[in-house]
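The values are calculated or read from the model by the stated rules, or taken from the named source; none is laboratory data. Not measured: the values here are computed from a predicted model. Cβ: placed from backbone, ideal geometry, glycine included. Neighbour counts: every protein chain shown. Side chains are part of the model used for accessible areas, which takes the heavy atoms of the whole protein and leaves out ligands, DNA and RNA. Shrake-Rupley method; radii C 1.70, N 1.55, O 1.52, S 1.80 Å.
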Amino acid sequence: QVHLVESGGGLVQPGGSLRLSCGLSGSILSIYTMGWYRRAPGKQREVVAASTRGGSTNYADSVKGRFTISRDNAKNTVYLQMNSLKPEDTGVYYCKADRVVATDRGLRDYAYWGQGTQVTVSS
């Protein structure tokens, strides 16, 4: 059973930094595309960063230049370094592991979510 656990959230002042971690157990990180999502108060969950198995990364426009996603396959952990934090970055941050597998019955999507970690940016 694949299990994801996020950590590193907390309260930080505007302009500050936080580093989120997401540990994966029950499988190996290297076979998954990993993503960080957030749900701001009153809004739908949105993707903020993604890291493919091949090592490419993508970011939401709202976090480009401030957030960095990285992965350590040896530690089965993905990180989100968040700098120059703004109040609008407040929300619950989730990590997701995703993998699409071709089977004799067609494509099957394996997706797993962590429980989330709260990030609050406030003075």
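Quick rundown of the values:
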read-out	value
Evaluation of SER30 against (1) at pLDDT 95 or above; (2) open to solvent by less than 60 Å² (accessible area, probe 1.4 Å); (3) not in a loop (DSSP other than H, G, I, E, B) (one fails), failing number	(1)
Search result, residues across the range 69-85 that are in a strand (DSSP E or B), farther than 25 Å from GLY26 by Cα and polar (S, T, N, Q)	none
Set VAL92, VAL121, VAL78, VAL101: member being at negative phi and in contact with a Phe, Trp or Tyr (Cβ under 7 Å, 6 or more places away or on another chain)	VAL101
Selection within the range 86-105 - of a type outside the set (Asp, Glu), in a loop (DSSP other than H, G, I, E, B), open to solvent by 40 Å² or more (accessible area, probe 1.4 Å) and free of Cβ contacts under 8 Å to residues at least 60 places away in the same chain	ARG105
Tally, over the range 15-61, of residues that are touching a helix residue (DSSP H, G or I) at 6+ places or on another chain (Cβ under 6 Å) and closer than 13 Å to TYR79 by Cα	1
Qualifying residue in the range 6-23 (condition: among the acidic types (Asp, Glu) and surrounded by fewer than 13 Cβ atoms within 10 Å (Cβ to Cβ))	no
Answer from GLY55, GLY65, GLY23, GLY15 - the residue that is over 26 Å from VAL121 (Cα atoms) and either part of a strand (DSSP E or B) or small (Gly, Ala, Ser) (or both)	GLY55
